[in-house]
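Participant: I'd like to ask you about the structure that follows.
The values are calculated or read from the model by the stated rules, or taken from the named source; none is laboratory data. Only a predicted model underlies this, so the values are computations on that prediction, with no experimental measurement involved. Cβ coordinates were reconstructed from backbone atoms using ideal geometry, including for glycine residues, and neighbour counts include every protein chain displayed. Heavy atoms of the whole protein, side chains included, go into the accessibility calculation; ligands, DNA and RNA do not. Shrake-Rupley method; radii C 1.70, N 1.55, O 1.52, S 1.80 Å.
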Amino acid sequence: MAVAHLEIEQKFDVDEAFVLPDLSGVPGVTEVREPVEHHLDAAYYDTADLRLARARVTLRRRTGGTDAGWHVKLPAVAGARRELHSPAGRAARTPPKAVLEPVLGIVRQTPAAQVALLRTRRVVTELVDADGRVLAEVADDHVTGTAAPATPGEAAVVTTWREVEVELVDGDDAVLVAVAEALLDAGARPADSPSKLSRVLADRLSALAPEPSVEAAPRRKKGKGKKRAPAAAAGDVVRATLRSQVQALSDADLMVRTGQADGVHQVRVACRRLRSTLAAFRPVLDRTQTDPVREELAVVGAALSPTRDAEVALAHLRELVAEQPVELVLGPVAARLQQAAIKDEQAGDVQARKVLGGAAYLRLRDDLDALVAEPPLTEAAGRPADEVLREVVARTGRRLVQAVDLARDSASDEALHDVRKAAKRLRYTAEAAVPVLGRPVADLVTALKGVQEVLGERQDTFVTRPLCAQLGLQAFAAGENAWTWGRLHALEQARSERAEREFWERWPALRPALKAAK
């Protein structure tokens, strides 16, 4: 089983003549230990099109040093990278299945083979405080990196360099800043490359880099002597939106596979956003090619829906019980909810991994990559983005108004749920249009968020109320007092009715935002 480690470090480029400065004056450091030398060999693995490297993920098998084995480094978040360590084992030609599992959503069914070999002579100096704690490690690395040939007949490319890494151990950010300042004063420079591998594979990564995202040029006021900047085409904006949303799905997939909180929710959100974009921008995208992808996205969202819905419902009910007066909580209500949450979490994790590991989902990811690489654009894709986006936002807004009108005259609980779905589609469409259409659409997004929250509260009770009834019956069958479960059900019914009233109170204020965004 992989062991997770949080890595917080800074890298610096240095010349061969660089001399590590005296670091004993760093605040909090009382001892600079004698340097220890290690010889490290690290084989890096990736697909032929470098999917992992392009996703800011590295997969390597290291020998030598204190942490030999398989390492999977995930993208940095707020300056820190999660690193998963697994034993080296016997496999060396290809990564074991268990090592690949966290990045399966990136490599999918494409083989991963060795793409580079790095040999490093590392000299590690530990900085220690008065209690004997290691605050940070300073690694002086002399590196020889060999990039494997991309195609048969090509020559391997060898690169050599020297760099210094500072990694926090038990120290805080102040230690990292102080050491960094000392190194910069001594002649070090912030590293040009984010990782050793990206330096070795720089040429291949550059050739595979996507085109830069295109946004509309800023609108300028008409005036004498001023030329209007050319407007972006609608197809360029849609392509950039799809690329961003597919990346969001990839990031959320990684969250689920590495056990991070809220991962399932983020996968569902990413799927919904993509479905909304593909539907809203049908004038720009050939729906005969995008509608099948929308169906694939819907299948994934539906498969993950029970997991997420139950998670939200149980968390809310546990909070609700904790808020109740003690005398109104009869029997082991909190304990029963806790047991249900644990059981649901375990089952949900199994279900989520099953869905994301299935052939259908992996095909969907391939289809999405193909869609981003070559979107099926229509003739309308060449029109100015601002014109097309206004039309798309207006049309999606009309769908919302129609759904509200139907809900006003309907007694069906589903009618307001349809309003919620229409509001989501409009919000996601408007968010894509904000960089082009500006403040009025941004204001619409803000107003829609409030409506979504209110209708989301109402919709949540369609899960919590049956859950209260189910758990209450189980409690009764076990000989427990089920009165509190009835009370919780009534509180959730009241929450539903309150949310519905609030929506109808908010709706008139949303109409001006819809009009202004046209």
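Participant: Kindly provide the set of residues from the range 17-45 that are open to solvent by 40 Å² or more (accessible area, probe 1.4 Å) and in a loop (DSSP other than H, G, I, E, B), ordered by number.
Facilitator: Of everything in the range 17-45, those that are open to solvent by 40 Å² or more (accessible area, probe 1.4 Å) and in a loop (DSSP other than H, G, I, E, B) turn out to be Ala17, Val19, Leu20, Asp22, Ser24, Gly25, Pro27, Gly28, Thr30, Arg33, Glu34, Pro35.
Participant: Mind counting the residues in the range 82-122 that are of a type in the set (Lys, Arg), closer than 15 Å to Ala2 by Cα and surrounded by 14 or more Cβ atoms within 10 Å (Cβ to Cβ)?
Facilitator: 1
Participant: Out of curiosity, is Gln452 more than 27 Å from Val419 (Cβ to Cβ) and either open to solvent by 30 Å² or more (accessible area, probe 1.4 Å) or under 34 Å from the mean Cα position of the chain (by Cα) (or both)?
Facilitator: It is false that Gln452 is more than 27 Å from Val419 (Cβ to Cβ) and either open to solvent by 30 Å² or more (accessible area, probe 1.4 Å) or under 34 Å from the mean Cα position of the chain (by Cα) (or both).
Participant: Give the residue that is nearest to the chain's Cα centre (by Cα), with candidates limited to residues of the range 370-384 that are part of a loop (DSSP other than H, G, I, E, B) and buried (at least 16 other Cβ atoms within 10 Å of the Cβ).
Facilitator: Pro375
Participant: Cβ-Cβ under 7 Å, sequence separation 6+ or interchain: first residue in the range 2-16 and over 21 Å from Ala78 (Cβ atoms) and open to solvent by less than 40 Å² (accessible area, probe 1.4 Å), partner part of a strand (DSSP E or B) and not charged (D, E, K, R). Which pairs?
Facilitator: Here the result reads Val14/Val164, each pair linking the range 2-16 to a residue that is part of a strand (DSSP E or B) and not charged (D, E, K, R).
Participant: Arg61: closer than 17 Å to Leu118 by Cβ and open to solvent by 40 Å² or more (accessible area, probe 1.4 Å), yes or no?
Facilitator: yes
Participant: Okay, next question. Ala494 passes all but one of (1) of a type in the set (A, V, I, L, M); (2) modelled with pLDDT of 95 or more; (3) open to solvent by less than 30 Å² (accessible area, probe 1.4 Å); which number fails?
Facilitator: Ala494 satisfies every listed condition except (3).
Participant: Look at the range 123-149 and say how many of its residues are over 21 Å from Asp41 (Cβ atoms), open to solvent by 50 Å² or more (accessible area, probe 1.4 Å) and not acidic (Asp, Glu).
Facilitator: 2
Participant: I need every pair where a residue in the range 482-504 that is polar (S, T, N, Q) has its Cβ under 9 Å from the Cβ of a residue that is not in a helix (DSSP H, G or I), sequence separation at least 6 or different chains.
Facilitator: Correct list of pairs: Thr484/Gln324; Thr484/Val329; Thr484/Leu330; Thr484/Gly331.
Participant: List the strands (runs of 3 or more DSSP E) that sit entirely inside the range 54-159 and contain at least 1 residues that are β-branched (Val, Ile, Thr).
Facilitator: Here the list reads 58-63, 69-73, 113-128, 134-147.
Participant: Something else about it: Taking the range 235-255 only, how many residues are under 25 Å from Glu311 (Cα atoms), of a type in the set (A, V, I, L, M, F, W, C) and either in contact with a Ser or Thr (Cβ under 9 Å, 6 or more places away or on another chain) or open to solvent by less than 10 Å² (accessible area, probe 1.4 Å) (or both)?
Facilitator: Going through the range 235-255 one residue at a time, the tally reaches 2.
Participant: Exactly one of these conditions fails for Asp413: (1) at pLDDT 95 or above; (2) open to solvent by 40 Å² or more (accessible area, probe 1.4 Å). Give me its number.
Facilitator: With respect to (1) at pLDDT 95 or above; (2) open to solvent by 40 Å² or more (accessible area, probe 1.4 Å), Asp413 is out only on (1).
Participant: Which fully enclosed helices (runs of 4 or more DSSP H) of the range 162-238 have 2 or more residues being modelled with pLDDT of 95 or more?
Facilitator: The qualifying helices (runs of 4 or more DSSP H) are 173-185, 196-200.
Participant: If Trp483 satisfies all but one of (1) out of contact with any His (no Cβ under 9 Å at 6 or more places or on another chain); (2) buried (at least 18 other Cβ atoms within 10 Å of the Cβ), what's the number of the condition it fails?
Facilitator: (2)
Participant: Still on this structure: Could you list, in sequence order, the residues of the range 314-335 that are open to solvent by 80 Å² or more (accessible area, probe 1.4 Å) and without any contact (Cβ under 8 Å) to a residue 12 or more places away in the chain?
Facilitator: Glu319, Glu323, Val326, Glu327
Participant: Pick out the one residue from Asp349, Asp367, Asp409 that is over 23 Å from the mean Cα position of the chain (by Cα) and of a type in the set (D, E, K, R).
Facilitator: Asp409
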